[in-house]
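The values are calculated or read from the model by the stated rules, or taken from the named source; none is laboratory data. Keep in mind that what you see is a predicted model, and the values were worked out from it rather than measured. Here the Cβ positions follow ideal geometry from the backbone for every residue, glycine too, while neighbour counts run over all protein chains shown.
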């Protein structure tokens, strides 16, 4: 599985690859600087990851490139908010963020998996997804919600219906927080999240010979 990550060039993008003794430094095949995106051939990659806090206007300017990539049967992961609709069929809703719920002993951040037996949870616990989120998505009909908030908005979902390929969309931003060096839960979440995607790709695309 050949993977590329979009790279803003911000300090947290740089630190993502340097923190924890460079844990993720060689984890991905290529970092694509976002200003180089128009001239980059995405088709050589099986998976493209767009981290949270990536410049939305520049992503929007490259919408057709991402759509062509997905229509070629490729996989794309988008993390964080999507106030600019740079992918079709993605409906984003901003909500106020509760940054301090964890300071109270009896408080919780309600997250609900529609299917508690979903394969993601073989790789990471639901608890690892609980730091905060800045909004939610309304998946298109036929997509699979994996984690919802208490009102049924999707925090993480998989879209197999809008494109020939697969889009995995989450409002969580683990790469940003790992790069910032806080929110320890984001590390086991990201490790499990990536492991699940790799296993899924192996099963569906390699084992299935698609």
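Side notes on the structure shown:
- Matching residues, region 4-28, being within 23 Å of residue 206 (Cα to Cα) and either within 17 Å of the chain's Cα centre (by Cα) or in a strand (DSSP E or B) (or both): 4, 5, 27, 28
- The single residue among 51, 38 that is surrounded by 19 or more Cβ atoms within 10 Å (Cβ to Cβ), closer than 15 Å to residue 7 by Cβ and in contact (Cβ under 8 Å) with a residue 24 or more places away in the chain turns out to be 51.
- Flag for residue 24 being within 24 Å of residue 166 (Cβ to Cβ) and touching a helix residue (DSSP H, G or I) at 6+ places or on another chain (Cβ under 6 Å): yes
- Selection count where residues are more than 16 Å from the chain's Cα centre (by Cα) and either more than 21 Å from residue 191 (Cα to Cα) or surrounded by 17 or more Cβ atoms within 10 Å (Cβ to Cβ) (or both), scope region 110-148: 8
- Looking only at region 48-95, and only at residues there that are more than 16 Å from the chain's Cα centre (by Cα) and in a strand (DSSP E or B), the one that is farthest from residue 205 (Cα to Cα): 94
- Filtering 135, 152 for residues that are more than 19 Å from residue 205 (Cα to Cα), in contact with a strand residue (DSSP E or B) (Cβ under 7 Å, 6 or more places away or on another chain) and at pLDDT 95 or above leaves a single hit, 135.
- Matching residues in region 96-129 - criterion: being modelled with pLDDT of 95 or more, assigned to a loop (DSSP other than H, G, I, E, B) and in contact with a strand residue (DSSP E or B) (Cβ under 8 Å, 6 or more places away or on another chain): 113, 114, 115, 118
- Members of region 18-27 that are farther than 15 Å from residue 45 by Cα and surrounded by fewer than 19 Cβ atoms within 10 Å (Cβ to Cβ): 18, 19, 20, 21, 22, 23, 25, 26
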